[in-house]
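Taken together, the values in this text are just the output of simple stated rules run on the coordinates, not laboratory data. Just so we're clear, the structure is a prediction, and the values are computed from it rather than from any experiment. Cβ placement follows ideal geometry from the backbone for every residue including glycine, while neighbour counts extend to all protein chains displayed.
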Amino acid sequence: MATHKSAEKRARQDVRRNARNSQTKAAVRTVEKKVRSLLASDKKAVPEALKELNSKFSKAVAKGAMHKKTVARKMSRLAKLAHKAASK
């Protein structure tokens, strides 16, 4: 456990940041699951859901909860799946 005053403060900050990042990532995962389920069922609603997911991803990157390249990779793969589903 932290013994210095500054280390104790960092530990408190880490707890708060971890909670905030977890909440942000959970929100992103929820919307991502929604997009994947729509790809399987309602293909008409996919573009709107992708737009919402892109917004959530951008906010997660801005807050530092997710890495920019991770988000780019995930968005690219989902857009590719959406395009493939729309062409069928």
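Only Lys, Arg, Asp and Glu carry charge here, each on its Cβ (+1 for the first two, -1 for the last two); on that basis the chain has a dipole of about 200 debye about its Cα centre. Scanning the chain for long hydrophobic helices, with DSSP H runs required to stretch 15 angstrom or more by C-alpha along their axis and to average at least -1.0 on the Kyte-Doolittle scale, returns 46-63, 68-87. Under Stokes-Einstein, with the Kirkwood radius over Cα pairs standing in for Rh, what whole-number D in µm²/s applies to the chain at 4 °C and 1.567 mPa s? Translational diffusion coefficient: 89 µm²/s.
The alpha carbon centroids of the stretch 28-73 and the stretch 7-23 are separated by 25 Å.
Length gained on full extension, Arg36 to His4, computed as 0.36 nm times the residue gap minus the Cα-Cα distance: 6.8 nm.
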